[in-house]
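Only the coordinates and a few stated rules stand behind these numbers; no lab work does. Everything numeric here is computed off the predicted structure, so don't read it as measured data. Because the Cβ atoms are built from the backbone with ideal geometry, glycine has one as well, and the counts that use them run over all protein chains shown.
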């Protein structure tokens, strides 16, 4: 019998945000991602800010904790777009991630290099991006990922079958009540029609206590003490051996600022959990190896880790978002056969799901502006600049294929 | 118009509600009634009367110039001082913004008041009801006026029907285009490079240059654009300008599936403004209610084929144009495809409208005004 335990999985990502790209830039300038103004469309500025607030202090803390507690383990997914930005503007951050993985107790989880929704648009492109990510991880960290997470934890039975065919030990998904029904997320499951890939489900209540609620002073449990939280995890692991805590890495220092006490909380909590005789930490793949499948769970419809709907509507909910991605993926064939590496890279960077997320208008109805952070003044601005970029991509393609603008 | 009036011998004191230098104006005296800059008015609801405060109608004068009503009050005060020194032969007030000052001036000097109507609150509010305060000021001004000039028959009809003014008190004097002001211009094909590229591939550029506001009927235009694209693929749409409807239009373009065919420039002026006409093949004026519509003449000057809503006054003076009811998206779509698909038709329209707009002249407008001033002095309308 394996010890009860927790999987701590953090997602590290930064997109290449599109600058204020106008009609008058179209067909002249192809520097979509080179915003240099004093706003949040300036990628360098954002990266340097978040590096200071989150990546540097959190990695330092993780290093300390790995040294201090031999049982401590973390799993990370790190996108290619983030890695590229670090290579340019914060190489020390990348080195600290390398030191973490060198301990052998930090697992890197596979995903699409560009943090894209390609799985739903082009299976071929999706696989190319997963391959590109694996190669990047191998060259930087010297490891080959054995577990998979799709962008925004967007998961369905099809994805499980794909991961199974590719030989992944585990795939990550949301532990969403309407899917689980009476079952607990604190077991390892399996998707229908798969042979070996196991399904790890996020315990969203306990994850969100840290990721979303930690600094909310209106929350009844505020301020959350590490001891209290460890007790909640004790209870949770009574009815299922494994609690999966999945969240954005940037929870630490960026979503929850240092002055909320998030770092101290995390340090103390890890210490308390490590001191338990009968409990431990697992990495994602270790958990998949350690536990037997408790049952089969089917998710024919796509489930994500976002919003109360847990679907893709934050990315594909309105006409602008659908149009933007429709036109983007329509370029695939011409982009790929151009052989122009810059063009291909730009096209892929435009696939990052954040771009369409910035066009989200869901919050208009509930007024919860802060739930949808965007570097743009409005979703419409995001859409406007993106469409101008799409047209510029078409313009560049004309030079290769003489195909004409074709679509306007 | 002022220039043409001056050329024909009128001496003009021109009172504006802002202060700026006017290096090219030597034919009249320009008075700035407030120290505000000319751009300032855009933030004050001069065009969008929804911002006009109810309680401000009879407010006491103050030094405060934070709302358009404050500026109007100061403007009236300024005009009062101006006429204390020299009595005018005629007072010519343009639209609701200056009507109160005009009435005051008439009251103090006994000089005849001419109210020149370029737009009414009914036009500005599109298919909705307008601001009652503005309507009230317009009603008083129109009643107090000795003569009314409307810039089109459409506007005259509104004045007669909606404000109950006797038809024989209203003259229609259409606007004109000062071609000299546009001057010789060399279009270098650069500003809208991508659009020029598409044109080489056989695309037709449909443009409108306007404020994105309900009055302009752009939602209907967008729907017609989508219908046209179903039948003819090589169309693109340039929406030059900005306004409170931009977001709605952006979203609509996506919902209609033509987002990649619609170009939004944002606010344009200078070369970007001018080149919007230059790159265009077809110019659409889709206004729900447009007293005149000078941009159509500008478009004609730049060789555009014109499609003008029947609710736009400029259509009364042009013949080589297509017209449509602003709500008739099917008809507009047909006309768009028709012109795009037929170079001959396009040539006929542009050549015809070239001749027609060139016949319109501010000199004629000035002559009509001077005649009107003279008649008033002679008591011809009494």
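By how many nm would the segment from residue A:234 to residue A:274 grow when fully extended, if each residue of separation counts as 0.36 nm and the alpha-carbon distance is taken off? The partial results should precede the final answer.
Details: separation 40, 0.36 × 40 = 14.40 nm, distance 1.24 nm.
That pair, residue A:234 and residue A:274, stretches by 13.2 nm at full extension.
Under the criterion of Cα pairs below 8 Å and six or more residues apart, the relative contact order for the stretch A:111-199 equals 24 percent.
Axis of helix A:319-330 versus longest Cα principal axis of chain A: the two differ by about 70°, to the nearest ten degrees.
Contact order, relative form, for chain A: 23 percent (alpha carbon pairs under 8 Å, 6 or more residues apart, mean separation divided by residue count). Between the helical axis of B:132-144 and the longest alpha-carbon principal axis of chain B there is an angle of about 60 degrees. Each of A:30, A:333 was scored by other Cβ atoms within 10 Å of its Cβ. Listed from fewest to most, they are A:333, A:30.
Of the three principal axes defined by the Cα atoms of chain B, the extents in descending order read 65, 42, 41 Å.
Between the C-alpha center of the stretch A:286-332 and that of the stretch B:149-224 there is a gap of 47 Å. Per residue, chain B reaches -13000 deg cm²/dmol at 222 nm when only DSSP H runs of four or more residues are counted, each adding -39500 (n - 2.57). Please check: in the Gaussian network model of chain B (C-alpha springs, under 10 Å), which one of B:311, B:200, B:139 has the largest mean-square fluctuation. Between B:311, B:200, B:139, it is B:200 that shows the largest mean-square fluctuation. Using only the alpha-carbon atoms, how far is helix B:343-358 inclined from the longest principal axis of chain B? Give it as 0 to 90 degrees, nearest 10. Value to nearest ten degrees: 10. Exposure proxy for B:12, B:83: other Cβ atoms within 10 Å of each Cβ, ordered fewest to most, give B:12, B:83.
Ellipticity at 222 nm from helices only: DSSP H runs of n ≥ 4 in chain A, each -39500 (n - 2.57), divided by the residue count, give -12500 deg cm²/dmol. Say R0 is 56 Å: what FRET efficiency, to the nearest 0.05, do residue A:45 and residue B:319 get from their beta-carbon distance? Approximately 0.45, to the nearest 0.05. Look at A:143, A:179, B:170 and count the other Cβ atoms within 10 Å of each Cβ; fewest to most, that gives A:143, A:179, B:170. Applying 0.36 nm per residue to the separation of residue A:292 and residue A:37 and subtracting their alpha-carbon distance, the gain on full extension is 86.5 nm. Spin-label pair residue B:342-residue A:56: with each label point 7 Å from Cα along the Cα-Cβ axis, the two points sit 7.0 nm from one another. What's the center-to-center distance, using Cα atoms, between the stretch B:95-146 and the stretch A:51-120 in Å? For the stretch B:95-146 versus the stretch A:51-120, the Cα centre distance is 68 Å. When you restrict to C-alpha pairs under 8 Å that are six or more residues apart and normalise by the size of chain B, the relative contact order lands at 15 percent.
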